[in-house]
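The values are calculated or read from the model by the stated rules, or taken from the named source; none is laboratory data. Please read these numbers as outputs of a predicted model, since none were measured by experiment. For neighbour counting, all protein chains shown are included, and Cβ atoms are generated from backbone atoms with ideal geometry for every residue, glycine included. Accessible surface areas use protein heavy atoms only, side chains included; no ligands, DNA or RNA. Shrake-Rupley method; radii C 1.70, N 1.55, O 1.52, S 1.80 Å.
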Amino acid sequence: MFKAPRGTRDFLPDEMRERRYVETCLRRVFEDYGYREIVTPTFETLELITAKSGEEIKEHLYHFKDKSGRNLALRPELTAPVMRLYVNKLQFEAKPLKLYYFGSCFRYERPQSGRYREFWQAGVELIGSPYPEAEAEVIVLAADALDRLGLKNYELAIGSIGTLRAVLEESGVKGEDQNPIMSAIDKGEGLQELLDQKNVGERGRRILMGMLELRGDKDNVISSAENLLSDSPKALKELENLKTLLAFLEEYGVSRYVLDLGIARGLDYYTGVVFEIYAPRLGAEKQICGGGAYSLAEVFGGKPVATCGFAFGFDRLVLALKKERKSIAPSASRGCLVVPMGEGMLSTAIKVSRFIRKNNLCELELGRRRLRKALGYADRRGFRYVAIVGESEVERGCVVIRDMESGEQREVEIEKLKELKL
Ligand code: HAM
């Protein structure tokens, strides 16, 4: 027996129906905010993926050489591919540019509930607006999508990597050198050693460690941060940007969030406001969404441009919805099964199925089952109607249509089935 590779999954029809339902809902919300879909390749050059992804992602890459010796990697996320596409093909489009995607990603991680080696992300990237109202809109979009899906138990946490980077910069740790520190903060290990290595002084450490503690209600966190940063003009400017963004969130009616200035995110490209959404009921792998403002275009040879976005972990989102309700997608019975009463009726049944299928979901009974068994199948598969093709009705040019919910039966002329809307 062959098994699907570790960390991958097969999706059965009932599961796919639920997944498609969630996917369709997300697409609709993204499009309602003006985002347009793009698709990028499943694998990219290794160099693109490792350019700014951070240690965490590099450790977990699926990468390989192709037959011509090119170094390639299965994409672990879609922000870098989208920005490569932007630099290649869309740099001179009118701004802001709003792009969305839905695609598989691959990370060689230790599989567990909610953590897979092949998983799906549904995300957006907003390119070309440096203003806090753009970042606010992106956060609102993520929350709105969850509300429209009807997810109740989720927690939105907003932070500011920009502020943390400014504190580091004022302590003499510049640019790329900040990334391992961000990564250590994200992982929650090895921070002190790195601060030693980079010679971060007493004052810088005090401020940084103080910032990492700040989590909770907006007003408390902001005033504590303002105190801590009173002598750090650059960090204060970042905080000011965050405050403006939060005021816009209020305009949108989004007030259910915590401020967490200790969020560092696992990817190297973030530069400003960041956010994460958790579904606490998922336990260890509870993060269902992550995003923020970042800077990548120039890394790929483009002109610098303000960018922000997020990605839902689609599989975790579906799991979170399943924890809250028995059925994710409403499953009204629908469609029609056409059952010939004996082989002699098959050719008429084929014609009947063609006519009904013009306007409806319709299946022909392919198991040569007798009526009673065919009705049982129709019931199990959720058909709303059964068309019974029997000799005496066919002689009059009709078939019987049975409503499986009420049990009512009526005769309909075969020629009229072409217009029938069930
Ligand atoms: P990320 O936080 O690495 O961000 O991934 C986004 C989401 O993908 C996570 O919140 C999580 O729900 C899901 N995810 C990650 N790894 C796995 C896994 N092994 N199995 C199942 N789900 C997983 C990004 O990828 C950024 N590109 C998001 C972004 C877009 N930032 C700006 N624009």
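Some notes on this structure:
- Take the conditions (1) among the polar types (S, T, N, Q); (2) assigned to a helix (DSSP H, G or I); (3) touching a residue at least 12 places away in the same chain (Cβ under 8 Å); N227 misses just one of them, which is (3).
- Residues considered: P330, P340. Of these, the only one that is away from the ligand (no atom under 16 Å from the Cβ) and in contact with an Asp or Glu (Cβ under 8 Å, 6 or more places away or on another chain) is P340.
- Any strands (runs of 3 or more DSSP E) falling wholly within the stretch 246-318 and containing at least 2 residues that are within 8 Å of the ligand (Cβ to nearest atom): 270-278, 287-294, 307-313
- Among the residues of the stretch 60-71, those that are in contact with a Leu (Cβ under 8 Å, 6 or more places away or on another chain) and over 20 Å from L267 (Cβ atoms) comprise F64, K65, D66, N71.
- Pairs with Cβ under 7 Å, 6+ apart, first in the stretch 66-81 and at pLDDT 95 or above, second loosely packed, with under 11 Cβ neighbours inside 10 Å and in a strand (DSSP E or B): N71/K65
- Of the strands (runs of 3 or more DSSP E) lying entirely inside the stretch 331-422, those containing at least 2 residues that are farther than 25 Å from R20 by Cβ and either more than 44 Å from the chain's Cα centre (by Cα) or touching a residue at least 12 places away in the same chain (Cβ under 8 Å) (or both) are 336-340, 385-389, 398-403, 409-413.
- Of all residues in the stretch 366-391, those satisfying the criterion of being of a type in the set (D, E, K, R) and surrounded by fewer than 17 Cβ atoms within 10 Å (Cβ to Cβ) are R368, R369, R370, R372, K373, D379, R380, R381, E391.
- Restricting attention to the stretch 244-275, the residues being crowded, with 21+ Cβ neighbours inside 10 Å, under 14 Å from A142 (Cβ atoms) and in contact with a strand residue (DSSP E or B) (Cβ under 7 Å, 6 or more places away or on another chain) number 4.
- Selection of the stretch 19-58 for residues being part of a loop (DSSP other than H, G, I, E, B) and closer than 19 Å to G150 by Cβ yields only Y33.
- The set of residues in the stretch 13-58 that are at pLDDT 95 or above, over 17 Å from the mean Cα position of the chain (by Cα) and within 19 Å of R115 (Cα to Cα) is empty.
- The condition of being in contact (Cβ under 8 Å) with a residue 24 or more places away in the chain, in the same structural domain as L146 (by TED's automatic domain parsing), within 15 Å of the ligand (Cβ to nearest atom) and open to solvent by 80 Å² or more (accessible area, probe 1.4 Å) holds for only one of E55, E44, that being E55.
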